[in-house]
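Take a look at the structure set out below.
The values are calculated or read from the model by the stated rules, or taken from the named source; none is laboratory data. It should be emphasised that the depicted structure is a prediction, and the values quoted were computed from it without experimental measurement. We place every Cβ from the backbone using ideal geometry, glycine too, and count neighbours over all the protein chains shown.
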């Protein structure tokens, strides 16, 4: 004789349209379509593809780049730019980008962006000149706009690369001298430089640096970053000066010094500096020509580390 269904079975059957019995609801929502896709030929055999971040009801976990329907790159969600190499010179290409979530859902393909690699150049080892007069303005809490003077090259400048603390974060055509950088954090100090690049992948020296502090989010207090950081290279040492953050009269007793993005030492004075400016001399033993990127942050009176200062780059003498 057939037994009547149990309560558990009836409950499972009633819910099967929404969820597997005993499991979690399946994610079937695709991420939004990546926007702002651009492609810039960096050389005769490479193209630099960039896009704005997509959104998802849970989280975007990665991006996939396609060339005429064929996937050529897979990237984590933290990346919104990639170089596509081993291309043919003087050839037209078309790229699209799709976002991916943890359940494997893919967004719709972005608008296709066409780009043509230039013809190969003769043997070229001469780099472009340094971009001139880098300037910037803050566009709220999450974006800035940069502008600079043109570089010169013996053949042609093909692109300008924007760097934030020695990491390339954006590229534009060699005919452009402005760029907007998005995806920034509110209330944060950023240091930008620009390099010019030619079709043979020769890069110019860095432009002068520009420091920009994005607007603080509503309800947040003032920045806790040290300001006016200056670094001067001398034989066997680097002299640093800066202004500690304003903590309402409470002393800042320590600063953490970072070299090339990694913590190097904690600066603690036996006697607190008098006046608004702090100084520190760092001994260096590396050979002349060694490049250092330097930034620091203060230990606040509540025991927490504050925001990072702008970054300075020096070369050992």
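Of the residues in segment 202-214, at least one is surrounded by 15 or more Cβ atoms within 10 Å (Cβ to Cβ), within 30 Å of residue 286 (Cα to Cα), over 21 Å from the mean Cα position of the chain (by Cα) and touching a residue at least 40 places away in the same chain (Cβ under 8 Å). Has segment 225-234 got at least one residue that is in contact (Cβ under 8 Å) with a residue 40 or more places away in the chain, part of a loop (DSSP other than H, G, I, E, B), surrounded by 15 or more Cβ atoms within 10 Å (Cβ to Cβ) and within 26 Å of the chain's Cα centre (by Cα)? Taking every residue of segment 225-234 in turn, at least one turns out to be in contact (Cβ under 8 Å) with a residue 40 or more places away in the chain, part of a loop (DSSP other than H, G, I, E, B), surrounded by 15 or more Cβ atoms within 10 Å (Cβ to Cβ) and within 26 Å of the chain's Cα centre (by Cα).
As a summary of the residue check, residue 83 satisfies the conditions (1) outside the structural domain of residue 186 (by TED's automatic domain parsing); (2) more than 19 Å from the chain's Cα centre (by Cα); (3) surrounded by 12 or more Cβ atoms within 10 Å (Cβ to Cβ); (4) within 16 Å of residue 199 (Cβ to Cβ) except for the one numbered (2). Number of residues in segment 180-209 that are within 18 Å of residue 47 (Cα to Cα) and at pLDDT 90 or above equals 5.
Screening residue 195 with (1) touching a residue at least 24 places away in the same chain (Cβ under 8 Å); (2) in contact with a strand residue (DSSP E or B) (Cβ under 7 Å, 6 or more places away or on another chain); (3) surrounded by fewer than 14 Cβ atoms within 10 Å (Cβ to Cβ) gives one miss only, at (3). Of all residues in segment 130-168, those that are assigned to a loop (DSSP other than H, G, I, E, B), under 21 Å from the mean Cα position of the chain (by Cα) and at pLDDT 90 or above total 5. In summary, strands (runs of 3 or more DSSP E) completely within segment 259-317 and bearing 3 or more residues that are buried (at least 16 other Cβ atoms within 10 Å of the Cβ) and under 29 Å from the mean Cα position of the chain (by Cα) occur at 291-299, 305-308, 312-315. Scanning segment 62-72 for residues that are modelled with pLDDT of 95 or more and either crowded, with 16+ Cβ neighbours inside 10 Å or in a loop (DSSP other than H, G, I, E, B) (or both) yields 62, 63, 64, 65, 66, 67, 72.
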